[in-house]
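See below for the structure under consideration.
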Amino acid sequence: MSSFLDSRLEALEAYVPGEQPDDREYIKLNANESPYPPSPGVLRAVSALAGRMNLYPDAACRGLKAALARRYGVGPENVMVTAGSDDILNFCFLGLCRHGVAYPAVSYGFYEVFSQLHGVDRREIPMGPGLTIDIAAWEGLGRTVVLANPNAQTGIALPLADIERIVAANAGELVVVDEAYVDFGAESAAKLLGKYENLLVVRTFSKSRSLAGARLGFALGEAGLIADLERIKYSTNPYSVSMLSLAAGEAALAEDSYYAEKCAIIAEEREKLKLELEKLGFSSTPSMANFLLSRPPEGVGAEELFLELRRRGILLRYFAGGALADYLRITVGSPEQNEALLRELRGALEGGKRT
Ligand code: PMP
């Protein structure tokens with residue numbers, strides 16, 4: 001730490017992203033990325049624009065906003081586009097948590113980091129049995145509500161009726177539904193948008209649309225709410241979304257069936273992987289996302305297994321020292337990657353040599 005840091009930030013504990021090591025080739029099942037490349041039209045659109053990078057992008061993101069508005073049945077004034085959905089979440093914590101924030105005790109680690117960064121009073125709502133969201137605990141919270149659905153780390157999804165109950169039971173407060181993983185089998189709250197002014201749906205191109213590297217996120221909400229978020233964006237970095245990412249997003253939306261097919265494969269692979277893991281003695285949460293949260297068999301330490309798999313060239317995510325210390329979070333990969341994972345897991349559990 002230098003002597004220049006604002007004392008307000010001295011205790012800030014930064015978010016630790018999933019590692020991206022470059023010491024060797026790994027099978028990456030640690031950051032919930034898509035195993036599939038972007039669709040062909042995205043590659044064409046991005047290459048066509050590379051020579052125009054001397055110019056700034058369209059700060060208003062009009063083309064992509066119009067395409068998203070058509071896709072989700074809202075007006076362009078109901079859409080916000082940012083550099084990844086982390087940006088939108090950041091803006092929410094920065095400017096839309098006037099009475100503090102509530103989020104699940106087990107969820108996306110950034111919620112705590114953003115609370116600390118912006119000095120927002122936070123309330124972590126305890127989980128129900130089996131790391132579920134107990135919706136009875138989510139009524140009349142008197143503060144901004146941030147809920148990932150499916151929830152981060154567990155993958156467990158609430159049905160739309162429960163989300164609606166939470167939105168209705170917190171009228172007068174903003175309810176942010178973070179739908180980073182919704183396209184793998186859960187129901188989007190976007191359907192409720194016309195009905196509730198206090199709902200903001202946050203989405204990303206990082207998972208279901210194979211564009212984690214492009215950094216592209218968006219939010220859908222009531223026009224006044226979107227205008228507030230735009231005001232914050234224009235007060236930080238109006239050009240945060242690159243022209244390549246804007247073009248990639250538009251092209252991806254034009255090829256939605258490519259991504260729908262990949263999401264269906266991933267959802268199918270998730271269920272197969274879950275069953276195979278069960279045969280090895282793992283138990284997993286009922287995930288509707290592109291990952292599993294799995295507890296290794298009795299007597300096998302999650303951290304030891306994580307390290308052994310790393311030695312074998314497979315990266316998983318391990319969260320030390322909290323409610324998830326006995327679990328591994330496993331991104332669902334391609335069929336070949338999942339096969340390799342199971343092979344190495346069998347080897348590791350038998351204490352066998354690398355196969
Ligand atoms: N929300 C949740 C629940 C996430 O897991 C992630 C990705 N780790 C994000 C938001 C951020 O995604 P991105 O910034 O890539 O859009």
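Is at least one residue of region 76-86 open to solvent by 10 Å² or more (accessible area, probe 1.4 Å), within 16 Å of the ligand (Cβ to nearest atom) and among the small types (Gly, Ala, Ser)? Show your work before the answer.
In the first step, residues of region 76-86 are kept if they are open to solvent by 10 Å² or more (accessible area, probe 1.4 Å); the result is 76-78, 83, 85-86.
Those still in the list that are within 16 Å of the ligand (Cβ to nearest atom) too: 83, 85-86.
When the remaining residues are screened for being among the small types (Gly, Ala, Ser), the result is 83, 85.
So far as region 76-86 goes, yes, one or more of its residues are open to solvent by 10 Å² or more (accessible area, probe 1.4 Å), within 16 Å of the ligand (Cβ to nearest atom) and among the small types (Gly, Ala, Ser).
Kindly indicate whether any position in region 273-294 is under 24 Å from Ala148 (Cβ atoms), assigned to a loop (DSSP other than H, G, I, E, B), open to solvent by 40 Å² or more (accessible area, probe 1.4 Å) and not hydroxyl-bearing (Ser, Thr, Tyr). Yes, region 273-294 contains at least one residue that is under 24 Å from Ala148 (Cβ atoms), assigned to a loop (DSSP other than H, G, I, E, B), open to solvent by 40 Å² or more (accessible area, probe 1.4 Å) and not hydroxyl-bearing (Ser, Thr, Tyr).
Which residue out of Ala180, Ala171, Ala186 is more than 11 Å from the ligand (Cβ to nearest atom), part of a loop (DSSP other than H, G, I, E, B) and within 30 Å of Pro40 (Cα to Cα)? Working first, answer last.
Working: Ala180 fails: more than 11 Å from the ligand (Cβ to nearest atom); Ala171 fails: within 30 Å of Pro40 (Cα to Cα).
Just a single option satisfies the conditions, and that option is Ala186.
Filtered by the rule that a residue be within 12 Å of the ligand (Cβ to nearest atom) and in a strand (DSSP E or B), region 87-110 gives Tyr103, Pro104. Among the criteria (1) open to solvent by 50 Å² or more (accessible area, probe 1.4 Å); (2) free of Cβ contacts under 8 Å to residues at least 60 places away in the same chain; (3) among the hydroxyl-bearing types (Ser, Thr, Tyr), the one Tyr15 does not fulfil is (2). The set of residues in region 18-34 that are away from the ligand (no atom under 16 Å from the Cβ) and either part of a helix (DSSP H, G or I) or open to solvent by less than 60 Å² (accessible area, probe 1.4 Å) (or both) comprises Pro21, Tyr26, Ile27.
If you go through region 112-144 one residue at a time, how many are part of a helix (DSSP H, G or I) and either out of contact with any strand residue (DSSP E or B) (no Cβ under 7 Å at 6 or more places or on another chain) or open to solvent by 60 Å² or more (accessible area, probe 1.4 Å) (or both)? It would help to see each step written out before you state the result.
Step one: list which residues in region 112-144 are part of a helix (DSSP H, G or I), which gives 112-118, 129-131, 135-138.
Narrowing the set further to residues that are either out of contact with any strand residue (DSSP E or B) (no Cβ under 7 Å at 6 or more places or on another chain) or open to solvent by 60 Å² or more (accessible area, probe 1.4 Å) (or both) leaves 112-114, 116-118, 129-131, 135-136.
Qualifying residue count, region 112-144: 11.
Looking only at region 198-246, residues that are within 14 Å of the ligand (Cβ to nearest atom), under 18 Å from Arg71 (Cα atoms) and either in a loop (DSSP other than H, G, I, E, B) or open to solvent by 20 Å² or more (accessible area, probe 1.4 Å) (or both) come to 8 in all. Taking every residue in region 199-218 that is in the same structural domain as Cys92 (by TED's automatic domain parsing) and in contact (Cβ under 8 Å) with a residue 12 or more places away in the chain and pairing it with any residue that is near the ligand (Cβ under 7 Å from one of its atoms) and assigned to a helix (DSSP H, G or I), at least 6 positions away or on another chain, the pairs with Cβ-Cβ distances below 6 Å are Val202/Ser85; Thr204/Ser85; Ser206/Ala212; Gly217/Ser85. Report whether or not Ala66 is at pLDDT below 95 and either hydrophobic (A, V, I, L, M, F, W, C) or open to solvent by less than 40 Å² (accessible area, probe 1.4 Å) (or both). No: the conditions fail for Ala66.
The values are calculated or read from the model by the stated rules, or taken from the named source; none is laboratory data. Remember, it's a predicted structure, so these values are computed and weren't measured experimentally. Note: ideal-geometry Cβ built from the backbone for every residue, glycine included; neighbour counts use all protein chains shown. Note: areas computed on protein heavy atoms with side chains; ligands, DNA, RNA excluded. Shrake-Rupley method; radii C 1.70, N 1.55, O 1.52, S 1.80 Å.
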